[in-house]
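Novice: First the structure, which I've put down as structure tokens, then a few questions once you've had a look.
Read-outs: derived from the displayed coordinates by stated rules, not from any lab. Note that the structure is predicted; figures quoted are calculated from it, not measured. Cβ placement follows ideal geometry from the backbone for every residue including glycine, while neighbour counts extend to all protein chains displayed.
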Amino acid sequence: MDRVSWRTQVLSNHLVHHQTTSDLSPNPCLEFSPPEISECFSFDVKQMRNLLDVHNLPDRDWMFGVMMQSKLFNPVQSGGRVFVSPDYNQSMEQQREMTMKRIQYLLDNGVFKGWLTDNGIEAAWRKFALFEAIGIYDHSLAIKIGVHVFLWGGAIQFFGTKRHHDAWLKITEDYAIKGCFAMTELGHGSNVRGIETVTKYDSSTGEFVINTPCESAQKYWIGGAAKHATHAIVFSQLHINGKNEGVHAFIAQIRDADGNVCPQIRIADCGHKLGLNGVDNGRIWFDNVRIPRENLLNSVADVSVEGKYLSATNDPDKRFAAFMAPLTSGRVTISVAAIYSAKVGLAIAIRYSLTRRAFSLTPNGPEIQLLDYPNHQKRLLPLLAKTYAMSFAANELKRIYMKRTPESIKTLHVVSSAFKATFTWHNMRTLQECREACGGQGIKSENRVGPLKSEFDVQSTFEGDNNVLMQQVSKALLSEYIAAKKRNKPFKGMGLEHMNEACPVIPSKLTGPILRSSKFQTDAFCLRERDILNRLAAEVSHHEAQGDSKEYAFIQSFLLAEDLGRAFSEKAILKSFMEVEDSVPSGPVKNVLGVLRSMYALICLEEDGSFLRYGYLSPENAGAVRQEVKKLCSEIRPHALALVSSFGIPDAFLAPIAYNWVDSNSWPSVQ
């Protein structure tokens, strides 16, 4: 057939109707069927939630109720349910004002009572619980509160002494003043030692004088500074008699009671952001601003009336460490918030995947639920297992923080740094996968996953850039290694005690039962950390032998340092998971935890190239790991609804797509 004839036949086929012998017939309209009808709960969801949330469950539920009762939290009817979430159609200015109105509402309802004035352990746990529930609603609201209470208020608590506590804590708790935390500068973020703001002491007046000497020294990204903050904790280099005594913290008023910017202070708005537009981030310049001598937060060092510098230690490194130690609270709260964000995303995406169907295997056959596709299971269920593991680890991090002592500060710093980086990276990866797993519905702001991505993206860089934090983790482990070798004594602390024992041996052939055994999983994770630490020490030593400085040698070894940070973090998470699993009596909950723990361990083995790169796994064994992950997905699948229900997040804090998405998108819903 020539081309003209062929084109004629094609056009004819388009225009002329032909009868078909196909037995395909139109499917009836889709109807939403709640997953609870077909999915059974094989374990006690309340028991599982107790393991996940651990403390103050009634306080959490009360906090959810407080928010659901007010129109300030933007209740919206959809699909026969009421959902609460911020209105992201609002302008930046409107979002900021709504954040302040919500804070006032929470204040009026007694939410912040005792947050800074009650030093009891029960009050501290309650504060954590309420703050976590608030963060599930809106990250901007949590950050705005966190800056005022945990950063400004925490600085007063930990850097200050009794005179500061008496003067500032109660009025901070009552929001009689509004505090911000002026550490970051245009030119310096993670490198706090390098900040350029300068403060000098004027003995003739008994005042400190704060100055921004250059544009790169302007305070930047200061939450609350652009509109609402009246006072700031200002981090600055302290110059006494021509000598720089290092970074210190001062209290400075930046606005009066009427909201007017104070003299010799300039403030500018950082402007619209990718997310967190309910927080008014600002920039601050100090033009020789004078503050009373008493406004130096002096728990670590002081300056006498005559201008003499006073400190219990002459070591500037120890002084700096003492100043930075209290800031671990920020990394703790960020770590926990990241996991709750991942829980919200997974609860929405998994509930949707249990009701949305696509394609059928036979003509006129029923379409298949998304979560019954093995590849969809592989996308979401390993992330679910990781979220469980990190939830248990986050609880352990809170316990370490609550029980902190001067001797445990270093461990707290290392663990909080590792978990902050690991958890926030995990959250962003989880939200992206959940967004994609929800298809076009994941794009809609009302379905929450997209806005959560924007709101939480900042976690990767604030309170310490994740990559920098992981370098600090590796550097601390290397220091412990070198110190132990020099002392010729066993390793003690930082979770390195396993290096005192014989090196684990991975079996040459890995079967399913071996891969699922806690002994194998522990051995594999310990072997990885042990070997990479040895390699890092050897590589740094090699660079030093070639004449490089210790600092430059470590920088040159960054690839191994990255591997070590990951190895440390994932091993610590696995340990926390196993401790929770061991605490549970035999029964359905323990059985499900065992499957989740194996999924967490094996997905880490599959995803980290170190296990193949350094020869801990052969290609054949790596293949066995991958196949076992696939089996574990099919075993977790029947528990998926129960596992996300165990998060304890009220329906109203999820999204329409998690429930009757047909009704919520029907024509009557837009009338």
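Novice: Only helical DSSP H runs with n ≥ 4 go in: add -39500 (n - 2.57) per run for the chain, normalise by residue count and round the 222 nm mean residue ellipticity to 500 deg cm²/dmol.
Specialist: So the helix-based figure for the chain works out to -16000 deg cm²/dmol.
Novice: Something else about it: How far is helix 518-545 tilted off the main Cα axis of the chain, in degrees rounded to 10, range 0 to 90?
Specialist: Taking Cα atoms only, the helix is inclined about 50 degrees.
Novice: Under the Karplus relation 6.51 cos²θ - 1.76 cosθ + 1.60, θ = phi - 60°, what is the ordered set of whole-Hz ³J(HN,Hα) values for the range 218-226, x standing for Gly and Pro?
Specialist: 4, 6, 9, 6, 7, x, x, 6, 5
Novice: Please compute the net charge surrounding GLY648, taking Lys and Arg as +1 and Asp and Glu as -1 over other residues with Cβ under 10 Å from its Cβ.
Specialist: Numbers: positive: LYS46, ARG49, ARG60, LYS343; negative: ASP53, ASP61.
Net charge in that neighbourhood comes out at +2.
Novice: Can you check what the net charge comes to around ILE284, using other residues whose Cβ is under 10 Å from the Cβ of ILE284 (Lys, Arg +1; Asp, Glu -1)?
Specialist: Numbers: positive: LYS219, ARG266, ARG283; negative: GLU185.
Overall, the nearby charge balance is +2.
Novice: Relative contact order of the range 94-170: what whole-number percent is it, with Cα pairs under 8 angstrom and at least 6 residues apart? Mind showing how you got there, number by number?
Specialist: Details: 36 pairs, mean separation 22.7, N = 77.
Contact order relative to length: 30 percent.
Novice: Expressed as an acute angle from 0 to 90° and rounded to the nearest 10, what is the orientation of the C-alpha long axis of helix 92-108 relative to the principal long axis of the chain?
Specialist: Long axis of 92-108 versus the principal axis of the chain: about 80 degrees.
Novice: Moving on to the next point. Sum up the charges of everything whose Cβ sits under 12 Å from the Cβ of LYS590, counting Lys and Arg as +1 and Asp and Glu as -1, but leave LYS590 out. Write down the numbers at each step before the final one.
Specialist: Working: positive: ARG597; negative: ASP44, GLU581, ASP582.
Once positives and negatives cancel, what remains is -2.
Novice: May I ask you to evaluate 6.51 cos²θ - 1.76 cosθ + 1.60, the Karplus curve with θ = phi - 60°, for each residue of the range 643-655 and list the ³J(HN,Hα) values in order in whole Hz, giving x for glycine and proline?
Specialist: Coupling constants for the range 643-655: 5, 7, 5, 5, 5, x, 8, x, 3, 4, 9, 9, 7 Hz.
Novice: Of the peptides 111-117, 561-567, how do they stack up when ordered by the mean number of other Cβ atoms within 10 Å, highest first? Don't skip to the answer; put the middle values down first.
Specialist: Values: 111-117: 19.1, 561-567: 24.4.
Result, highest mean first: 561-567, 111-117.
Novice: For the range 421-515, which trypsin sites (Lys or Arg not before Pro) are both in a DSSP coil and crowded by at most 12 other Cβ atoms within 10 Å?
Specialist: Numbers: sites: ARG429, ARG435, LYS444, ARG448, LYS453, LYS475, LYS485, LYS486, ARG487, LYS492, LYS509; in loops: LYS444, ARG448, LYS492, LYS509.
Here the sparse-neighbourhood loop sites are LYS492, LYS509.
Novice: May I pose another question? List the GluC sites (Glu not before Pro) within the range 474-510 that fall in a DSSP loop (any state other than H, G, I, E or B) and whose Cβ has at most 16 other Cβ atoms within 10 Å.
Specialist: Numbers: sites: GLU480, GLU497, GLU501; in loops: GLU501.
Filter output for the range 474-510: GLU501.
Novice: How far is the Cα center of the range 167-201 from the Cα center of the range 65-134, in Å?
Specialist: Each part's Cα centre sits 25 Å from the other's.
Novice: Relative to the longest principal Cα axis of the chain, at what angle does helix 121-137 sit, 0 to 90 degrees, rounded to 10?
Specialist: Relative to the chain, helix 121-137 is tipped by roughly 50 degrees.
Novice: Relative contact order of the chain, please, whole-number percent, based on alpha carbon pairs below 8 angstrom and at least 6 residues apart.
Specialist: 17 percent.
Novice: Follow-up question, since we're still on this one. About its Cα centre, how strong a charge dipole does the chain have in debye, to the nearest 20, once Lys and Arg get +1 and Asp and Glu get -1 at the Cβ?
Specialist: Values: 74 positive and 71 negative charges, 141 e Å.
Its charge dipole is roughly 680 debye.
Novice: Please report the spacing between the Cα centers of the range 323-370 and the range 430-484 in Å, no decimals.
Specialist: For the range 323-370 versus the range 430-484, the Cα centre distance is 14 Å.
Novice: From the P(r) of the chain, can you give the percent of Cα pairs sitting at distances over 49 Å? Display every interim value, and only then the final one.
Specialist: Values: 47687 of 224785 pairs.
The proportion of pairs with Cα distances above 49 Å equals 21 percent.
Novice: Related question: Relative contact order for the range 180-310 using alpha-carbon pairs under 8 Å, separation at least 6, rounded to a whole percent?
Specialist: Details: 305 pairs, mean separation 37.6, N = 131.
About 29 percent, as a whole number.
Novice: Looking at the chain only, what percent of DSSP beta bridges run antiparallel? Nearest 5 please. Mind showing how you got there, number by number?
Specialist: Values: 39 of 46 bridges.
The antiparallel fraction comes to roughly 85 percent.
Novice: Given LYS71/LYS227; LYS575/LYS631; LYS386/LYS631; LYS127/LYS492; LYS386/LYS519, which pairs have Cα atoms separated by over 28 Å? The partial results should precede the final answer.
Specialist: Working: LYS71/LYS227 24 Å; LYS575/LYS631 23 Å; LYS386/LYS631 16 Å; LYS127/LYS492 33 Å; LYS386/LYS519 19 Å.
From LYS71/LYS227; LYS575/LYS631; LYS386/LYS631; LYS127/LYS492; LYS386/LYS519, over 28 Å: LYS127/LYS492.
Novice: Summarise the long-distance tail of P(r) for the range 180-310 by giving the % of C-alpha pairs beyond 21 Å.
Specialist: Working: 3168 of 8515 pairs.
Summing the P(r) tail past 21 Å for the range 180-310 gives 37 percent.
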